[in-house]
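A.B. asks: Sharing a structure with you now.
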Amino acid sequence: MRVLVVLSCVIVAALAADKYNAKYDNFDVETLISNDRLLKAYINCFLEKGRCTPEGSDFKKTLPEAIETTCAKCTEKQKGNIRKVIKAIQAKHPKEWEDLVKKNDPSGKHRDNFDKFIQGSS
């Protein structure tokens, strides 16, 4: 019985490791997308044109993998937050969005799948 409990804990830990850290699940996305100065600061961080907050640094590190895997390691909450932020960047700063895409997916290999993900169809 003890072996079964330990094995169950190991499996749960392994499954949890397949997701990004949930500490940003409750990141205040609404404030970010409604404050253009703050949104622009995050964009500049992602493009290495400005300083990064600790959160911005963490997001920047995971962005290439999230694009490549269509956010496979994201929690459902993170997927929703990413969709909101990307849609805001696309609407308010389309040129910077294109720069972000070129930086994180230079070949364009993942663009179609990521676009579908952003629109909620993936």
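A.B. asks: Sorted by accessible area (1.4 Å probe), largest first, how do K61, K77, K95 line up? Before the final figure, lay out each step's value.
C.D. replies: Values: K61 150, K77 105, K95 130 Å².
These residues rank, largest area first, as K61, K95, K77.
A.B. asks: Given a 1.4 Å probe and every protein chain left where it sits, what share in percent of the accessible area of segment 58-122 is carbon and sulfur? Could the numbers behind the result be given before it?
C.D. replies: Numbers: 1900 of 3650 Å².
For segment 58-122, the apolar C and S fraction of the accessible surface comes to 52 percent.
A.B. asks: How about K23: which lysines have a C-alpha closer than 24 Å to its C-alpha, ignoring those fewer than 8 places off in the same chain?
C.D. replies: K40, K60, K61, K73, K77, K79, K84, K87
A.B. asks: Is segment 53-118 best put as rounded, prolate or oblate by its Cα gyration tensor, with a ≥ b ≥ c the root eigenvalues, rounded for a/c under 1.5, and otherwise prolate when a/b is larger than b/c, oblate when not?
C.D. replies: Details: a/c = 1.24, a/b = 1.11, b/c = 1.11.
Because its axes are fairly even, with a/c under 1.5, segment 53-118 counts as rounded.
A.B. asks: Let me ask another. When only the heavy atoms of the protein chains count and the probe is 1.4 Å, how do C45, C52 rank by accessible area, highest first? Don't jump to the answer; show the numbers that get you there.
C.D. replies: Numbers: C45 0, C52 45 Å².
The ranking, largest first, comes out as C52, C45.
A.B. asks: Cα atoms only: what Rg and Dmax, in Å, come out for segment 31-73?
C.D. replies: 11.0, 30
A.B. asks: List every residue whose amide H lies under 5 Å from the amide H of Y20, counting only residues 5 or more places away in sequence or on a different chain, with H placed 1.01 Å from N in the peptide plane.
C.D. replies: Correct list: C74, T75.
A.B. asks: So how do E55, E96 rank on accessible area, 1.4 Å probe, biggest first, that is with the largest at the start? Don't jump to the answer; show the numbers that get you there.
C.D. replies: On the way: E55 60, E96 35 Å².
Listed by decreasing accessible area, they come as E55, E96.
The values are calculated or read from the model by the stated rules, or taken from the named source; none is laboratory data. Given the structure is predicted, the values throughout are model-derived calculations rather than measurements. Quick note on the areas: whole protein, heavy atoms, side chains included, nothing else; ligands and nucleic acids left out. Shrake-Rupley method; radii C 1.70, N 1.55, O 1.52, S 1.80 Å.
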